[in-house]
Amino acid sequence: MVLQTVDLLKSEIPFEEESVAISEDVKTGLVLVDIINGFCTVGAGNLAPREPNRQINEMINESARLARVFCDKKWPVLAFLDSHQPGKLEHPYPPHCITGTEESNLVPALRWLEKEPNVTIRRKDCYDGYLGSMEEDGSNVFVDWVKTNQIKALLVVGICTDICVLDFVCSTLSARNRGFLTPLEDVVVYSQGCATFDFPVSIARNTKDAVAHPQELMHHVGLYMAKGRGAKIAKEVTFSAPEKL
């Protein structure tokens, strides 16, 4: 029944995915959104998966593959890590990813990024990495990262497709449209490099104040919304050599 619903949704609100080839001629930055234990590692916290999840595992594997290529090439990488102060809830979700705990750290497959010189780590305390990059003096770590590295294209991966990934992409596109992120031109969301959580209606109906969140359906909706805001949705990401003069 769930698969039939997803198929119906995809037929009613389809979107085009494309193959994206990243060239050394275009300065590209990789953004990793919340690929941390608290959202991805089985049993790691209130919002972590309760059992192994195919979509999340694929997201981690693809993100690690891309991160390795970017680091080998010394290209800029920015990793957002959800990190909250104790007692500061993020309604409607229960306490999660508390600062200083393993929940708020990168998953084991990506912990090596912490030692890479081309990687910027930004801990944030809200869904949206753009807003979560604001400093008290009014500066913005993400904006400065784009400008300092003269990034023209962003490749975005992470979790959750329809929450933190989508919020970040929407804010970034709005900022680009208003000229706040020059020279940024393109924002690419890699579908296989994204995932969301699964909370089926069968469980939600028996959980107080809970809202159902079927994984495949909400993953599609998140990508559809990002596409509607102006992002490119990539079904595959490859790397091409620079064009010869």
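Laid out as a table, the results:
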read-out: Protection proxy ranking of 135-141, 229-235 - average other beta-carbon atoms within 10 Å, highest first; value: 229-235, 135-141
read-out: Fraction of beta bridges assigned by DSSP in the chain that are antiparallel (%, nearest 5); value: 10
read-out: Sequence-distant residues sharing a close amide H with residue 190 (under 5 Å, placed H); value: 156, 234
read-out: Cleavage-rule hits (GluC sites (Glu not before Pro)) in region 1-100: DSSP loop, at most 14 neighbouring Cβ within 10 angstrom; value: 16, 24
read-out: Dipole in debye (nearest 20) - region 80-216, about Cα centre, beta carbon charges: Lys, Arg +1; Asp, Glu -1; value: 120
read-out: The chain, Cα convex hull volume normalised per residue, Å³; value: 136
read-out: Heavy-atom accessible area ranking, 1.4 Å probe, most first, across 112, 145; value: 112, 145
read-out: Loop-resident sites, region 82-158, for trypsin sites (Lys or Arg not before Pro), counting at most 13 other Cβ within 10 Å (DSSP); value: 88
read-out: In Å², nearest 10: area of residue 104 left accessible to a 1.4 Å probe; value: 0
read-out: Residue 123 paired with residue 65, simple spin-label distance in nm, labels 7 Å along Cα-to-beta-carbon; value: 3.2
read-out: Rg/Rh for region 56-182, where both radii come from Cα atoms and Rh is the Kirkwood radius; value: 0.94
read-out: Of 124/232; 88/227; 73/152; 27/232, pairs whose Cα-Cα distance is over 23 Å; value: 124/232; 88/227
read-out: Integer Hz, Karplus 6.51/-1.76/1.60 couplings in order for region 69-81, x for Gly and Pro; value: 5, 4, 6, 4, 8, 6, 8, x, 10, 10, 10, 8, 10
read-out: The chain, relative contact order in percent, only Cα pairs under 8 angstrom and at least six apart counted; value: 27
read-out: Residues residue 4 and residue 178, FRET efficiency given R0 of 41 Å [Cβ-Cβ distance, rounded to 0.05]; value: 0.50
read-out: Cα gyration tensor category, rounded, prolate or oblate, for region 1-101 with a/c compared to 1.5; value: oblate
read-out: Per-residue HN-Hα couplings for region 26-41 [Karplus 6.51, -1.76, 1.60; θ = phi - 60°; Hz; x = Gly/Pro]; value: 10, 5, 10, x, 9, 10, 9, 9, 6, 8, 10, 4, x, 10, 10, 9
read-out: Of all DSSP beta bridges in region 74-209, antiparallel share, percent nearest 5; value: 15
read-out: Debye intensity ratio in log₁₀ form over the Cα atoms of region 96-150, taken at each q of 0.23 Å⁻¹; value: -1.08
read-out: FRET efficiency for residue 144 and residue 51, using Cβ-Cβ distance with R0 set to 30 Å, rounded to 0.05; value: 0.15
read-out: Antiparallel DSSP beta bridges within region 1-123, percent to nearest 5; value: 15
read-out: Within the accessible area of the chain (1.4 Å probe), percent carbon and sulfur; value: 53
read-out: Dipole magnitude of the chain, debye to nearest 20 (Cβ charges: Lys/Arg +1, Asp/Glu -1, about Cα centre); value: 240
read-out: Longest to shortest principal axis, alpha-carbon extents of region 119-241, angstrom; value: 49, 40, 27
read-out: Calculated FRET value between residue 15 and residue 88, using beta carbons and R₀ = 30 Å, to 0.05; value: 0.25
read-out: Region 110-174-region 74-97 distance, computed between alpha-carbon centres (Å); value: 12
read-out: Unit charges at the beta carbon, dipole of region 50-197: most positive-side option, 133, 189, 56; value: 189
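The values are calculated or read from the model by the stated rules, or taken from the named source; none is laboratory data. Note that the structure is a prediction, hence the values are computed from the model and not measured. Reconstructed Cβ throughout: ideal geometry from the backbone, glycine too, with neighbour counts over all protein chains shown. Surface areas here come from the heavy atoms of the whole protein model, side chains and all, with no ligands, DNA or RNA. Shrake-Rupley method; radii C 1.70, N 1.55, O 1.52, S 1.80 Å.
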